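Undergrad: Input: one structure, supplied below.
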Amino acid sequence: MKRYLLLPVIFLLSVSAYAQHMMGMKMDSKEPRKPFYTKIGNREIYHLYIGDSTVNYTGKARPAMVINGSIPAPALEFTEGDTAEIYVHNEMMMETSIHWHGLILPNRYDGVSYLTTAPIGPGETHFYKFPLVQHGTYWYHSHTMTQQQSGMYGAFVIHSKHEAPQKEYTLLLSDWTDENPDEVERSLHNQTDWYAIRKGSTQNYAEGHFKTKLTNEWKRMVAMDVSDVYYDRFFSNGKAVNHASQFKKGDKVRLRIVNGGSSTYFWLNYAAGKITVVANDGEDVQPVPVDRLIIATAETYDVVVTIPHDGSFEFLATAEDRTQSTSLWLGGGPEVKAKPLQHLKYFEGMQMMNDMMGVDGNMKKMDGMVMTNQVMDMNTVMYPEMNDDATKKDTVAPDKKMADMTGMDMGNTAGMVTLNYGMLKALKPTTLLAGPVKLLHFNLTGNMNRYVWTINNKTVSESDKILIKKGENVRIILYNNTMMRHPMHLHGHYFRVLNGQGDYSPLKNTLDIMPMETDTIEFAATESGDWFFHCHILYHMMSGMGRIFSYENSPPNPELPDPANAIKKVYADDRRFYPMAKVGLESNGSDGNLSFANTRWKLWTMWHLGIKDTKGYESETMIGRYFGQMQWLYGYAGFDYHYKKATGQEKNLFGQVSNKNNRHTAVVGLAYTLPMLFVADARIDGNGKLRFQLGREDIPLTSRLRFTVMGNTDKEYTAGFRYIVTKYFSVSSHYDSDMGLGGGLTLTY
Ligand SMILES: [Cu+2]
């Protein structure tokens, strides 16, 4: 008998022996690594090895994806006019990809898996070869799922042939979370406010802005935030604090700044005076000195800063949500700090949003408000605390009406200059050659409540490819109808931003667009194949905020032998279903729900299992679809099972028999989210019985305390509190007409 106990031990030993054998084989079979960089004539050859690794940034070991063993990936440097030859070796167990961000290159090397380029399978090597037809600061990153967030990003610098020798430093900014990025993505779709709790941005009723919060909820807005994710660290070249002590007094240093964050914007300021902006997204611009600038996710800026005297001067990059910052110290000697940014004033910002948003969930178009084409700086409007800096003045006077509306002092006190796109001016005229114009209107849409991000209310998979013809000019009028900024990125092309600089409108590949703003961009259609245009906030892109431009009559792409299947893989990103659950384990029994939801559909099951004297149980399983841009309407059908220990024939408020004793019936219904985020739910079951219900979940009383209340015409009602302890655990108590009073734990997933 006891011999059976040995079986699992023998099994485990053989598994581990086999695993060691396999690992050994892998080590043996591995070819010697090619040198990282070789130059032969004008061929510049790189080898990149992508692998799984473990990092420890916060005291906890965490899985990560590294390129040539590091985060960030190595900075690749080239010279304009040369040819890049890059071998990417995938040493992970899953497929991957590399996109060369901002580069003008043949479609098949763009690196978007299944759209332009074959994915790089486990153990495979992919070869990229393209001429370098531009110079400037660019970067590269994975374009597969959420791999970028795990560490797959690096700088890509192309030096001009005619560049005078200069002091320079490449600074790659990024964000890091100890959580698995797939779990971050799932959590966002589950509307967790755990990230807001960690950031201190829950905007609860106890914070003394009762009326603002009430208005906000009346308009069915969840708490406003400038970013969705709580990050554990922000990095300058992979370190929270980095030093470049090689620079000396008098040096003028060109910083090549890349924002490789997955969903973070950074404010930049410097301890020793002006920051002179000389290039944006790789394109040179007429130098413009500023005191601070914001760099959107995926943008690049080249700036020049001066080391005024002996010392180490802080170049400070602060996450837009102000939770943390990262610093690069330039020069050696005593440290001179940059001025830290103030904390965000969430309620003031929220009041602003309340004023700008109608109860229908659309941003109001306000007469006389000039918020087009970057002619005013919205930063000071979105972030009232920026006006508190004693010396503040933006070179472009903000619109007076906005100042009146928000009641803020937009005063012209001399001093601080903040960069805005209106100040960017190309070195040479960028006017497009005359040609037929294809005009497109893109409204950036979405809703925070269900974390759905779209263009014209459709995800990538819900919309057709946009056909364009070689030789035409594509002009896009973008309007941001959401409460968040979006960095919209176009692959393989540069667009002009019509920012008031006429012929000298700057060229960009990533456009930051603020809430309520309208921008016009245009580009010459000079390529072929399919090209992605999308929001570069990783989790917005994954939820479907993008479009595919497709050149008519393009030759077949040799990378994608089965295009029909390939495009299905692209569409799968925004069609994913996410599981979520809420399970109450209290002294009166268990109640909870489990659901699977995607952009429009939700399948859910709920249960009540009472264990007290009013003993009974109930379970419902429904499938339904959300309708409308804001998804306030949900229609569903399913099955209801209800059992309650003999309590006589109960009647509902309409005098119909509830039959709670033993009910099995089909159900159809409609649920609608009302102002104040109450959900009104009307249903009819197979016996003709009607039920109306009104309820609200998770009213944020304090940062961590939530209140839930519900009542219906079957004379069922419930009310309860939940105190959030960790992301997955709450202490809870509730009273339920079926289950009675109870207390215990609630698990949320
Ligand atoms: Cu976005």
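The values are calculated or read from the model by the stated rules, or taken from the named source; none is laboratory data. What you are looking at is a predicted structure, and each value in this text was computed from that prediction instead of being measured. Cβ: placed from backbone, ideal geometry, glycine included. Neighbour counts: every protein chain shown.
Undergrad: Being touching a Phe, Trp or Tyr at 6+ places or on another chain (Cβ under 8 Å) and loosely packed, with under 15 Cβ neighbours inside 10 Å is the filter; apply it to region 654-669 and report the residue that is modelled with the lowest pLDDT.
TA: Asn662
Undergrad: Is at least one residue of region 600-608 within 46 Å of the chain's Cα centre (by Cα), outside any loop (DSSP other than H, G, I, E, B) and farther than 19 Å from Val583 by Cα?
TA: Looking through region 600-608, at least one residue is within 46 Å of the chain's Cα centre (by Cα), outside any loop (DSSP other than H, G, I, E, B) and farther than 19 Å from Val583 by Cα.
Undergrad: Can you tell me which residue is surrounded by the most Cβ atoms within 10 Å (Cβ to Cβ) among those in region 257-275 that are in a strand (DSSP E or B) and of a type outside the set (S, T, N, Q)?
TA: Step by step, filter region 257-275, then rank; the result is Val258.
Undergrad: How many of the residues in region 143-168 are under 26 Å from Val303 (Cα atoms) and either within 29 Å of the chain's Cα centre (by Cα) or surrounded by 14 or more Cβ atoms within 10 Å (Cβ to Cβ) (or both)?
TA: So the answer is 13.
A quick yes/no check of all residues on (1) in contact with a His (Cβ under 7 Å, 6 or more places away or on another chain); (2) surrounded by fewer than 24 Cβ atoms within 10 Å (Cβ to Cβ); (3) within 23 Å of Asn457 (Cβ to Cβ):
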{"position": "Leu490", "(1), (2), (3)": "no, yes, yes"}
{"position": "His493", "(1), (2), (3)": "no, yes, no"}
{"position": "Leu498", "(1), (2), (3)": "no, yes, no"}
{"position": "Gln501", "(1), (2), (3)": "no, yes, no"}
{"position": "Tyr504", "(1), (2), (3)": "no, yes, no"}
{"position": "Asp512", "(1), (2), (3)": "no, no, yes"}
{"position": "Gly529", "(1), (2), (3)": "no, yes, no"}
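Undergrad: Specify the residue that is farthest from Gly136 (Cα to Cα); the eligible residues are those in region 150-167 that are part of a loop (DSSP other than H, G, I, E, B) and in contact (Cβ under 8 Å) with a residue 24 or more places away in the chain.
TA: So, considering only residues that are part of a loop (DSSP other than H, G, I, E, B) and in contact (Cβ under 8 Å) with a residue 24 or more places away in the chain, the one farthest from Gly136 (Cα to Cα) is Gly151.
Undergrad: Ok, one more. crowded, with 22+ Cβ neighbours inside 10 Å and either among the charged types (D, E, K, R) or modelled with pLDDT of 95 or more (or both) - does that describe any residue in region 462-472?
TA: Taking every residue of region 462-472 in turn, none turns out to be crowded, with 22+ Cβ neighbours inside 10 Å and either among the charged types (D, E, K, R) or modelled with pLDDT of 95 or more (or both).
Undergrad: Quick one: what pairs do we get from region 535-559, first residue near the ligand (Cβ under 10 Å from one of its atoms) and assigned to a loop (DSSP other than H, G, I, E, B), second modelled with pLDDT of 95 or more and charged (D, E, K, R), C-beta under 9 Å, 6+ apart or different chains?
TA: The qualifying pairs are His536/Glu299; Met545/Asp574.
Undergrad: OK, next. Restricting region 452-479 to residues that are among the basic types (Lys, Arg) and away from the ligand (no atom under 16 Å from the Cβ), which is farthest from Lys425 (Cα to Cα)?
TA: Lys465
Undergrad: Can you tell me which residues in region 480-489 are more than 7 Å from the ligand (Cβ to nearest atom) and either free of Cβ contacts under 8 Å to residues at least 40 places away in the same chain or not in a strand (DSSP E or B) (or both)?
TA: Asn481, Thr482, Met483, Arg485
Undergrad: Could you list, in sequence order, the residues of region 93-119 that are more than 18 Å from Thr526 (Cβ to Cβ) and either of a type outside the set (Ser, Thr, Tyr) or surrounded by fewer than 21 Cβ atoms within 10 Å (Cβ to Cβ) (or both)?
TA: Met93, Met94, Glu95, Ile98, His99, His101, Gly111, Val112, Leu115, Ala118, Pro119
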